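Okay, so here's the structure we're looking at.
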Amino acid sequence: MRPSQSDPGRGTASAAWELLLPAASAPARTRGRALQAALREAVRSGRLAPGTRLPSSRDLAADLGVSRGLVTEAYEQLTAEGYLRSGGGAGTWVGAAVRAARPRARDLAPRAPGARADFVPGTPDLSLFPRSAWAAAQRAVLADLPHQELGYPDPRGLPGLRTALAGLLARRRGVVADPERIVIVSGVAQATTLLGFALHARGVRAVGVEDPGSPQHDALYAAAGVTTVPLPLDGEGIALRPLRESGVRAVVTTPAHQFPTGIAYSARRRAELLDWARSVDGIVLEDDYDGDFRYDRAPVGALQGLDPGHVAYTGSVSKSLAPGLRLGWLLVPESWAAEIVERKRTMDLGHPALDQALFARFVERGDYDRQLRRCQRAYRERRDALVAALAEHFPGAEVSGIAAGLHVIATLPERFGPEDGFLARVAAAGVAVRPLSSCTHSRPGDAGAKEVRLVLGYAHISPARIAEGVRLMAEAATG
């Protein structure tokens, strides 16, 4: 139907009719909501500009072929929300309150866009995610999960998952795991933040961190009001004398496979570290980020098993399944449990119950152990491919930290330096790498270094891509 021209305000009728016609074709039971949504979006997007006079409810209803009451209800609803305004008998107008821009969804995921080869560490091979087994576990959980389990969970996590994890961690990592002291978290990042808040509440304003170490610790602890104190390493782990002289009473460690150097803390250093914690009534925060992946022998057991009263232990499925699951655990000393649990409760009321139940079943049925074995085979093959490619294309390079984990440290011969020039040439060739200096807290980004030392991740790259990437890197370095 074409709008008549008898009303001077009908100049906008054609535009309104075109914008709202699809909504008028919606099923009868949803037509009113569809009309309101279409009109709301037309105002929000600017297609109906502020100050635009709308057709009368009678005329618009005739144009759209709907009841006048439907249009009247839509006008009244959007007037109440502020999208429209009524002229007191003189018509309905688009209001001036709307300032919303058209929504835009950006992807801020940490990736190396456009890289021909990406050796940045920290990501597993996501194609190894066990989709079939995961889907089967999900169907089983949805069929069997009691209704009450869908309510607000215990902030520590579902008892079934905490029990399953206690058995898994005791068996695989040598942890003294009491289900009552396990808290399910959304990855090691949240565990770190929880510990930071607990430390701050106890008056602790500084925590020691390994140097070099994870660059993320600074920001995570800062968010809780706690500063980080860089502490150097020696060949056995974190150096004891600087630790004692620092005055801190809490220290973050990666003793099974130090990030990024790849060393495993010696038995002597583990004992000394625990002696220090007892002497200052302190706590060691153990990040077991990739402790399951060791290739020369059985993984080194967790430090927590030696002294559960002075070690908080955390891990996740980010390297074994996928970081996008946002699923991890935090095992705390008994004296810290109550405040950690309360902080978790106020932070998010607990981790999603369905995800917890699914992972519990995955662990109980042995699927998680099978996934770990699958990953270990694949990652050992890729480590070997990377070591071989470096030997071929960078003769004389020293490669360390190869016994475990998902990355190696490559120290290149001096002829490839200085580091800033090497990094520029490699980046221009489309090869993404991370220098060891980027993990150094006390001297971040030492671009003037003559020696080129790289942290090269390999878990997410196929052996063929590894060989090609190292070749591209060598060509760029010598070109």
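Tabulated data for the structure shown
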item: ALA189 being over 30 Å from VAL455 (Cβ atoms) and either outside any strand (DSSP E or B) or touching a helix residue (DSSP H, G or I) at 6+ places or on another chain (Cβ under 9 Å) (or both); result: no
item: Members of the range 31-75 that are open to solvent by less than 50 Å² (accessible area, probe 1.4 Å) and part of a strand (DSSP E or B); result: LEU54
item: Test result for ALA115, at pLDDT below 95, crowded, with 21+ Cβ neighbours inside 10 Å, more than 27 Å from ALA223 (Cα to Cα) and over 19 Å from the mean Cα position of the chain (by Cα); result: no
item: Sole exception among (1) β-branched (Val, Ile, Thr); (2) over 18 Å from GLY160 (Cβ atoms); (3) part of a helix (DSSP H, G or I); (4) open to solvent by less than 40 Å² (accessible area, probe 1.4 Å) for VAL341, by number; result: (2)
item: Neighbours by Cβ (under 9 Å, 6+ apart or cross-chain): first from the range 198-217, more than 20 Å from THR261 (Cα to Cα) and free of Cβ contacts under 8 Å to residues at least 40 places away in the same chain; second assigned to a loop (DSSP other than H, G, I, E, B) and hydrophobic (A, V, I, L, M, F, W, C); result: HIS200/ALA224; HIS200/VAL226; ARG205/VAL226
item: Odd one out for SER266 among (1) under 24 Å from SER316 (Cβ atoms); (2) small (Gly, Ala, Ser); (3) in contact (Cβ under 8 Å) with a residue 12 or more places away in the chain; result: (1)
item: In the range 223-255, residue surrounded by the most Cβ atoms within 10 Å (Cβ to Cβ) [restricted to those that are out of contact with any helix residue (DSSP H, G or I) (no Cβ under 8 Å at 6 or more places or on another chain) and closer than 23 Å to VAL120 by Cβ]; result: THR254
item: Counted residues, the range 387-416 - those being of a type in the set (Val, Ile, Thr), in contact (Cβ under 8 Å) with a residue 60 or more places away in the chain and touching an Asp or Glu at 6+ places or on another chain (Cβ under 9 Å); result: 2
item: Test: residue in the range 417-438 that is in contact (Cβ under 8 Å) with a residue 12 or more places away in the chain, among the basic types (Lys, Arg) and touching a Pro at 6+ places or on another chain (Cβ under 9 Å); result: yes
item: Total residues in the range 253-275, condition part of a loop (DSSP other than H, G, I, E, B), small (Gly, Ala, Ser) and on the phi < 0 side of the Ramachandran plot; result: 3
item: Condition broken by GLY309, with the remaining ones in (1) farther than 21 Å from PRO153 by Cα; (2) touching a helix residue (DSSP H, G or I) at 6+ places or on another chain (Cβ under 8 Å); (3) part of a loop (DSSP other than H, G, I, E, B); (4) open to solvent by less than 40 Å² (accessible area, probe 1.4 Å) satisfied; result: (4)
item: When residues of the range 397-420 are limited to those that are among the small types (Gly, Ala, Ser) and modelled with pLDDT of 95 or more, the one most open to solvent (accessible area, probe 1.4 Å); result: ALA397
item: Conditions (1) buried (at least 22 other Cβ atoms within 10 Å of the Cβ); (2) farther than 16 Å from VAL120 by Cβ; (3) among the hydrophobic types (A, V, I, L, M, F, W, C); number of the one not met by ILE466; result: (2)
item: The range 76-85: number of residues that are under 16 Å from ALA38 (Cβ atoms) and either of a type in the set (Gly, Ala, Ser) or open to solvent by less than 20 Å² (accessible area, probe 1.4 Å) (or both); result: 2
item: Cross-chain or 6+ apart pairs with Cβ under 7 Å, the range 286-298 first and open to solvent by less than 20 Å² (accessible area, probe 1.4 Å), then at pLDDT below 85; result: GLY291/PRO299
item: Residue ranges of strands (runs of 3 or more DSSP E) in the range 384-479 with at least 3 members within 25 Å of the chain's Cα centre (by Cα) and of a type in the set (A, V, I, L, M); result: 453-457
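Residue-by-condition table, conditions (1) outside any helix (DSSP H, G or I); (2) closer than 22 Å to ALA264 by Cα; (3) among the acidic types (Asp, Glu); (4) under 21 Å from the mean Cα position of the chain (by Cα):
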{"site": "ASP154", "(1), (2), (3), (4)": "yes, no, yes, no"}
{"site": "VAL175", "(1), (2), (3), (4)": "yes, yes, no, no"}
{"site": "VAL183", "(1), (2), (3), (4)": "yes, no, no, yes"}
{"site": "LEU194", "(1), (2), (3), (4)": "no, no, no, yes"}
{"site": "VAL204", "(1), (2), (3), (4)": "yes, no, no, no"}
{"site": "VAL207", "(1), (2), (3), (4)": "yes, yes, no, no"}
{"site": "GLY213", "(1), (2), (3), (4)": "yes, yes, no, yes"}
{"site": "ARG241", "(1), (2), (3), (4)": "no, yes, no, no"}
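The values are calculated or read from the model by the stated rules, or taken from the named source; none is laboratory data. Keep in mind that what you see is a predicted model, and the values were worked out from it rather than measured. Don't worry about glycine lacking a Cβ; one is built from the backbone with ideal geometry, like all the others, and counts go over all protein chains shown. Just the protein is used for accessible areas: all its heavy atoms, side chains included, with ligands, DNA and RNA removed. Shrake-Rupley method; radii C 1.70, N 1.55, O 1.52, S 1.80 Å.
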